[in-house]
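What follows is calculated from the coordinates using simple rules that are stated; it is not laboratory data. Since the model is a prediction, treat every value here as computed from it, not as a measurement. Cβ placement follows ideal geometry from the backbone for every residue including glycine, while neighbour counts extend to all protein chains displayed.
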Amino acid sequence: MIGADEIARRYRHVKDRIAQACARARRPAEAVRLVLAGKTNPPEAIRAAYAAGAREFGENYVQEAIAKRAALADLKDIRWHLIGHLQSNKARAAVETFDLIQTLDRVRLAAAIARIRAYPRMPMLIEVNVAGEPSKSGVAPEQAEALIDASRKLVEVRGLMAIPPGAESAEAGRRWFAALRELRDRMRARSGLELSELSMGMTDDFEIAIEEGATIVRVGRAVFGERTK
């Protein structure tokens, strides 16, 4: 783990970059939320980022998030996001741990969540596999409308999330961010739902994602440094 002062410096730098990207896109800086991806980073790193001003953190694994929440129980206003694939048998733990689940990719999962938490409905994002990569989870773009229609009475569908293919440059990912935004706009018109959230963009490309309409960016390495295995 890098030091707390370095985490704070990196966090402020990322926030500045977000503000600059928003300015280029003629969007208010507050239109984009920064979720820090804490995967493999210890609770002390989360605490350092919190001290610097961060309040939203994303975890890939339910059990890791449970342990971190317990270690950071004194920090009452953290909002936790699940940004990794969720197995149905961990639905209860996820509902009890996270404020927003960003990886809804099947109706069966929405139904499992609804059985655990019928009201208020659990806030979730539809994960879209924008490039049809077999190695990634997420619903195919052409199936997103059906998933929204089937899930909207079970959970609170707030928008879309995607992890585009890796690219040699940040600019190369723009097409995928634009595609997700356009899909969201079509789904918004058809469903009548607000679908206000677009979670897209990570350390290497979050500025491009902001220019294409991201409302949530998920950044880990730029703040916490390289992950330890």
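Tally Lys/Arg at +1 and Asp/Glu at -1 over every other residue whose Cβ is under 13 Å from the Cβ of CYS22; what's the total?
Charge balance in the 13 Å sphere: +1.
So who's got an amide H within less than 5 Å of the one on GLU197, skipping anything under 5 residues away but keeping other chains? H placed 1.01 Å off N, in plane.
GLY159, LEU160
Could you pull the Cα extents of the chain along its three principal axes, largest to smallest, in whole Å?
That works out to 47, 39, 32 Å along the principal axes.
State to the nearest 20 debye the size of the charge dipole of the range 118-229 about its Cα centre, where the only charges are +1 on K and R beta carbons and -1 on D and E beta carbons.
For this selection, approximately 420 debye.
Quick one: Karplus J couplings for the range 34-40, per residue in order, coefficients 6.51, -1.76, 1.60, θ = phi - 60°, nearest Hz, x for Gly and Pro?
Once rounded to whole Hz, the list reads 9, 9, 8, 7, x, 3, 6.
Cβ neighbours within 10 Å, averaged per peptide: list 18-28, 169-179, 55-65 in order, most packed at the top.
55-65, 169-179, 18-28
Per residue of the range 192-208, in order, report the coupling 6.51 cos²θ - 1.76 cosθ + 1.60 (Karplus, θ = phi - 60°) as ³J(HN,Hα) in whole Hz, putting x for Gly and Pro.
x, 7, 5, 6, 6, 9, 10, 9, 7, x, 10, 3, 7, 8, 5, 5, 5
Determine the dipole magnitude for the range 1-114: charges of +1 sit on the beta-carbon of Lys and Arg, -1 on that of Asp and Glu, nothing else is charged, the reference point is the Cα centre, and the result goes in debye to the nearest 20.
Dipole about the Cα centre, nearest 20: 400 debye.
Could you derive backbone 3J(HN,Hα) for the range 11-17 from the dihedral phi with the Karplus parameters 6.51, -1.76 and 1.60 (θ = phi - 60°), listing whole Hz in sequence and x where the residue is Gly or Pro?
Karplus values, whole Hz, x for Gly and Pro: 4, 4, 5, 5, 4, 5, 5.
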